[in-house]
Amino acid sequence: MRKIVLHPVTRLSIALSFIIFIWRIPLAYQAIAVFLGAIIIWGIAKPLPSQDPGNIFLRLWLTAGFFLTMIHTISYDDGLIFNQDRLYVAGKSFFRIGSLMVAFLWIIRTMKTEELYAMLIDLRLPIPVIYVIFQALYLIPRLIERAKDILVAQQARGFILRGVRRRIKALILILSPLFSTMIYELEEGAASIAARGLHAPGMKSHINTIRLTVLDSILIGISIIITVLLVIS
């Protein structure tokens, strides 16, 4: 059986339609749609050989939900007050963030890096713009991976990380080396691109062939119609 391979533009249009769909439906249905979408992504869209950021983004999403609930529903006026009415606002923000997470995982779990690069080259985007897009896509997973490496290095030097207070202190201490190393990596990547002559004038090419099929055209058309109907409704 021939494997169906969708064009990157098709995957992006499906992701955009999903996000707008979640943002337009009532809150109760938002929760069902986000969880159903997440289950489908984890079950059908198998991770590529590269590092899968699914667990990282799940933790970030749950952390965001916790802080959104705290910010919107808890206030202090001669004591802690729990505002039940504002729980709706927190839930709405939580599942909107969830829709972005599911859409991003759908893209990153099904689209190879070389496919994304080929699509951006075909769109005639400048190389610096392509570099920024790639760095933005992998910035959060890379930050978390680098933070873990620094924490392991701290433990190897005898830094005790047991207990909430000590762990918070350790996280504060890693901010400076974390961001300095990330800035260094970004500069190194930019220099590597320049050394390969990608900033030189002229058309750029790629070795991967990506073509729009009839199925791609149908799915993109359906996505556009759904998106327009959701926006104007």
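Bear in mind these aren't lab numbers, they're just calculated from the coordinates by the rules spelled out. No experiment lies behind these values; they were computed from the predicted model shown. Methodologically, a virtual Cβ is constructed for each residue, glycine included, from the backbone with ideal geometry; neighbour enumeration extends over all protein chains shown.
A few remarks follow.
- Take the Cα of residue 175, step 7 Å toward its Cβ, do the same at residue 222, and the gap between the two points is 4.8 nm.
- Neighbour-count ranking [beta-carbon atoms within 10 angstrom, fewest first] of 66, 134, 95: 66, 134, 95
- Local electrostatic count at residue 24 - Lys and Arg +1, Asp and Glu -1, tallied over other residues with Cβ under 14 Å: +2
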